[in-house]
Amino acid sequence: MMQAPKARGGYRIVHDPNPFDSLAYTAIAYTLAPDIELRRENLGDRVYSYKLNVDSQGNFFDEAHNGFQQYTLRSLELANSFNYVLVTDIAAFYNQIYLHRLQSAIELCHSSLNDISSAVEEFMLNLNERVSIGIPVGPAPSIILAETALLDVDQWIQQRGFEYVRYVDDFRIFANSKLDLETLLQDLVGYLYTSHRLTLASDKTFILPSETLVEQYLDSPESKERDIIHANIAQSIASETSLAFRTAFIENPPSWNKLSAEERSTLLNSLLQSILQKDHLDLGLARHLLRRAKHARLRAIIVPLLDNIEFFIPVFRDVCLYLNHVMNENAINRNLDRLEVIIRNQSIVTRSSFCSMWLRWLVTRKPGYSKSQVVRDFIMGEGKPLRFQADYAKLFGHESWVKDHRSNWQQLGSSDRWSLLLAASVLGVRERTVWMNQVLRSEDPIDCSIARYVLSYGGAT
């Protein structure tokens, strides 16, 4: 469990289940997903959260389905048809889901799920150390279970005769009468509490004129991207450049896939600058930016991203995944001084357990980071997380470090122990074999699995 920074200050609790719990949790979601999605489809054109589409590769969601964009477009359609909108979301939603009510919601999806629903409740109780409230924040299966918990709320709003849209726990409910929405809000608060013990976030609950919704809430990342493409087209035409932007009609700007690498870099830098102009990080736009840059392997935003790293703390995991994907040896060399500044500054990046974990993960993926003494001191030494010291030792083949720590392997916590056992792969075959055969007598199935994996190195038997 860790505390991850939020965009407007404060922290949310995130979970990192161990591998076997993750496997079981994934199997639960895999089993339930088809029935949950079928029941969601019966609600019609109202729920736009992640579209469930389990495949043989282990993916849960349809990557071609941009739910948030459709949520935004449908909101725009309804805003043009109604005078007012109730905007609200559920406070601390994942952490407030009651497991027994979740079990009942699973049962309602299909009669064949009665036995499974009870097993799910028992598993979640064990995962929560017998606490009957809350599901893990972070893992993909939680998204599926959270959808299940809200299906009866969807039905309740629908039966009241209101047009609405929902994305995860964000609701937009439309009407021509402000009084009707005020009455609905009062009743919704009561229903959520009596049926789920859930409450609405008062600081995020408003009844607005529909035109205010359009002006303040309906800028999706894609629409902002199109605005920037439009601006670049106009600039290109004005300067008579030869960019592909210039050849497109202003009414129909080129899509991302038709842009050159140079044009994509220009677009992403413009998106980043628009993000930095805000008082608070736009989470949707920031993740959109990082996803675009990661998939296209574009390095154009590395420098401004690192120079403004504290602003991007709420998406720090996404930042590290992006950097790991695009950083080659040259990029590491060019930006090592910036990473040193981040580490030396003693900011929330290094003080936050969540951010420092991801930063240590990043700099132990590739050898180039070790050229910096500042980075080495950030990883190695007394009081530093042993799991990343073990990763570092494995990366560089530091046999002496592994030998110094192997005698206490059984006293270590699970993450540190598993990383140390993996680092045993740097030892000679004889030493490795003796140690791993000892590990194989452990009752921990993950210890044994790692031991068998390490024994596969160098022909050891």
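The values are calculated or read from the model by the stated rules, or taken from the named source; none is laboratory data. The structure presented is a predicted model; accordingly, all values stated were derived computationally and were not measured. Counting neighbours? That spans all protein chains shown, and the Cβs are built from the backbone with ideal geometry, glycine included.
In the range 87-99, the residues that are in the same structural domain as A146 (by TED's automatic domain parsing) reach residues that are modelled with pLDDT under 90 and in a strand (DSSP E or B) with C-beta atoms within less than 7 angstrom, at least six apart or across chains, in these pairs: N95/I13.
Could you check, for the range 89-98, whether at least one of its residues is small (G, A, S) and under 30 Å from T212 (Cα atoms)? Yes, there is a match, as at least one residue in the range 89-98 is small (G, A, S) and under 30 Å from T212 (Cα atoms). Does L102 satisfy being over 21 Å from S132 (Cα atoms) and touching a residue at least 40 places away in the same chain (Cβ under 8 Å)? Taking the combined requirement at face value, the residue does not satisfy it.
Which residues, taken from the range 275-297, are under 16 Å from M327 (Cβ atoms), modelled with pLDDT of 90 or more and outside any helix (DSSP H, G or I)? Listed by number, the list holds a single entry, R297.
Listed here are the residues, each with its yes/no results for (1) part of a loop (DSSP other than H, G, I, E, B); (2) among the charged types (D, E, K, R); (3) in the same structural domain as I157 (by TED's automatic domain parsing).
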residue	(1), (2), (3)
R8	yes, yes, yes
S22	no, no, yes
E37	no, yes, yes
S49	yes, no, yes
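Just so you know, in the range 371-408 the residues that are closer than 24 Å to E431 by Cβ and polar (S, T, N, Q) include one that is nearest to the chain's Cα centre (by Cα), and it is Q389. Scanning the range 337-365 for residues that are at pLDDT 95 or above, of a type outside the set (V, I, T) and over 21 Å from the mean Cα position of the chain (by Cα) yields a total of 4. Within the range 14-29, the residues that satisfy the criterion of being under 13 Å from the mean Cα position of the chain (by Cα) and not charged (D, E, K, R) are V14, H15. Residues considered: V153, V120. Of these, the only one that is modelled with pLDDT of 95 or more and crowded, with 17+ Cβ neighbours inside 10 Å is V153. Please enumerate the residues belonging to the range 178-222 that are free of Cβ contacts under 8 Å to residues at least 12 places away in the same chain, surrounded by 14 or more Cβ atoms within 10 Å (Cβ to Cβ) and under 28 Å from Y98 (Cβ atoms). The answer is V189, and nothing else. Within the range 144-166, can you find the residues that are outside any helix (DSSP H, G or I) and closer than 15 Å to L200 by Cα? Answer for the range 144-166, where residues must be outside any helix (DSSP H, G or I) and closer than 15 Å to L200 by Cα: just R166.
Being aromatic (F, W, Y) and modelled with pLDDT under 80 is the filter; apply it to the range 32-60 and report the residue that is surrounded by the most Cβ atoms within 10 Å (Cβ to Cβ).
As a first pass, look at the range 32-60 and keep what is aromatic (F, W, Y): 48, 50, 60.
Adding the requirement that they be modelled with pLDDT under 80 leaves 50, 60.
On the way: Y50: 20, F60: 18.
So, considering only residues that are aromatic (F, W, Y) and modelled with pLDDT under 80, the one surrounded by the most Cβ atoms within 10 Å (Cβ to Cβ) is Y50.
Across the range 98-113, what is the total count of residues that are farther than 13 Å from H196 by Cβ and among the small types (G, A, S)? Spell out the reasoning first.
Step one: filter the range 98-113 for residues farther than 13 Å from H196 by Cβ, giving 106-113.
Now restrict to residues that are among the small types (G, A, S): 111-112.
Going through the range 98-113 one residue at a time, the tally reaches 2.
Regarding A29, is this residue within 15 Å of A140 (Cα to Cα), out of contact with any strand residue (DSSP E or B) (no Cβ under 8 Å at 6 or more places or on another chain) and either at pLDDT 80 or above or hydroxyl-bearing (S, T, Y) (or both)?
Values: within 15 Å of A140 (Cα to Cα): yes; out of contact with any strand residue (DSSP E or B) (no Cβ under 8 Å at 6 or more places or on another chain): yes; either at pLDDT 80 or above or hydroxyl-bearing (S, T, Y) (or both): yes.
Yes: the conditions hold for A29.
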